[in-house]
Amino acid sequence: MRFPVPLSLAAIALAVTVSFPTLAKSQVAATPPMGWNSWNYFSEKVDDATVRETADAMVSTGMAAAGYVYINIDDTWEGARDDAGNIVPNTKFPDMKALADYVHSRGLKLGIYSSPGPRTCGGYEGSYGHEEQDAKTFAAWGIDYLKYDWCSAGRIYTNADLPAAYQRMGQALAHCGRPIVYSLCEYGMGDVWNWGPKVGANLWRTTGDIQDNWKSMSEIGFKQSRLAPYAGPGHWNDPDMLEVGNGGMTATEYRTHFSLWCMLAAPLMAGNDLRAMPAETRAILTNREAIAVNQDPAGRQGARVSSRDGIEIWTKPLQDGGQAVAIFNRTEVEKTVALKWAEIGRTSRPGTLRDLWEHRDLEPAAEGASGKIPAHGVWMLRLK
């Protein structure tokens, strides 16, 4: 199927060659967004009732109290357009404004999904040619977050058009009269971290889609170190949503997954069924000491400082002058690991040493610390 090229496409192509105004505001997503997205668990089965029940569960399970705010509807909510060109939800979502009001009444925020192309990944109506119109519609409904997925845009744009295509919605959101977090889903194409903030983005995908297994999660997460300079308040690297609790990994691997995303200052978007969450999953997702590392106001992304024999050491500077340290065992066997203070840039032992998963203080030795880390496990520390 061919789609008409808008008259403004020439102007868009020209815009690629000039400087973009920076549209992102640090007061929106000043720390990495935290919430839930429907896709990983529900896929196309998400509907109004599921979203309402998830909002209730967000509160009742303590997720909201731990900092999770956004309830994000992914693809398959879209219907057709009316005679005026306004996007209309399909029968799964009979009243989007009423749904947003309900989510807001629970102290939460509602997110939605679209595409710069004519169709979404699921083949539903995209925002191509209706950017300003859709942004105003989303604002009128009370939407707080937009995930904008490339998908069919690749049929009408080239990769060189990525910044300009995303800028169209960035400008539309800037003019819609409501603060809406703008999340780019372009799988890391076009070195998005170089231009994301300039087109209004608050976060941008740096990778392909995550899957609920150790290989996918670790290959994505451990490749993010080099992107640390591009993250900061109002603009974040996004290695995709969390798979914690979906059954494809062990509890040890899920703790590693969550710890790594916290060290990366990545958005924390749960992707499981919050309505039927076992205590073990809830304990991982609501670990407030790990979350505090992710939400540190300085907004610094952690990075790898050492890698040897399957052991990786990552550090993340914190606003209080301390640092978070995560030691990951990527091997298939338990390892006893010795951490030397010099390895993490310290000339002397820290005043305090806190184990963020055991939730206990440790006595720092003069030269370093040592501990056992299970296969695919993590030892996560906070130092002052």
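The values are calculated or read from the model by the stated rules, or taken from the named source; none is laboratory data. Worth saying up front: this structure is predicted, and the values here are computed from it rather than measured. As a convention, Cβ positions derive from the backbone with ideal geometry for all residues, glycine included, and neighbour counts pool all protein chains shown.
Brief remarks on what is shown
- Checking each residue in the range 50-64 for being touching a residue at least 12 places away in the same chain (Cβ under 8 Å) and small (Gly, Ala, Ser) picks out Ala55, Ala57, Gly62, Ala64.
- Residue-level check: of (1) of a type in the set (Lys, Arg); (2) crowded, with 19+ Cβ neighbours inside 10 Å; (3) within 16 Å of the chain's Cα centre (by Cα), Arg168 misses just (3).
So that you can scan it fast, the table gives a plain yes or no per residue for (1) closer than 18 Å to Leu264 by Cα; (2) modelled with pLDDT of 95 or more; (3) assigned to a loop (DSSP other than H, G, I, E, B); (4) among the β-branched types (Val, Ile, Thr):
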{"site": "Ala172", "(1), (2), (3), (4)": "no, yes, no, no"}
{"site": "Ser183", "(1), (2), (3), (4)": "yes, yes, no, no"}
{"site": "Val192", "(1), (2), (3), (4)": "yes, yes, no, yes"}
{"site": "Trp204", "(1), (2), (3), (4)": "yes, yes, no, no"}
{"site": "Thr207", "(1), (2), (3), (4)": "yes, yes, yes, yes"}
{"site": "Met217", "(1), (2), (3), (4)": "yes, yes, no, no"}
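- Tally of residues being assigned to a helix (DSSP H, G or I) and among the polar types (S, T, N, Q) across the range 219-259: 4
- Only one entry of Asn90, Asn72, Asn40 meets the criterion of being without any contact (Cβ under 8 Å) to a residue 40 or more places away in the chain and surrounded by 14 or more Cβ atoms within 10 Å (Cβ to Cβ), and that entry is Asn90.
- Taking the listed residues Asn272, Asn329, the one that is under 20 Å from the mean Cα position of the chain (by Cα) and not acidic (Asp, Glu) is Asn272, with no other qualifying.
- None of Ala80, Ala100 is surrounded by fewer than 17 Cβ atoms within 10 Å (Cβ to Cβ) and at pLDDT 95 or above except Ala80.
- Hey, Val28 crowded, with 16+ Cβ neighbours inside 10 Å and modelled with pLDDT under 95 or not: yes
- Filter pass, Gly79 being assigned to a strand (DSSP E or B) and touching a strand residue (DSSP E or B) at 6+ places or on another chain (Cβ under 6 Å): yes
- For the range 243-261, a tally of residues being touching a residue at least 60 places away in the same chain (Cβ under 8 Å) and either out of contact with any Asp or Glu (no Cβ under 8 Å at 6 or more places or on another chain) or aromatic (Phe, Trp, Tyr) (or both) returns 7.
- Asp273 satisfies every condition listed in (1) among the acidic types (Asp, Glu); (2) under 30 Å from Arg168 (Cα atoms); (3) touching a helix residue (DSSP H, G or I) at 6+ places or on another chain (Cβ under 7 Å) except (2).
- Any hit, the range 303-323, residues being over 22 Å from the mean Cα position of the chain (by Cα), under 30 Å from Ser38 (Cβ atoms) and aliphatic (A, V, I, L, M): no
- Only residues that are buried (at least 17 other Cβ atoms within 10 Å of the Cβ) and in a loop (DSSP other than H, G, I, E, B) were counted in the range 290-311, giving 6.
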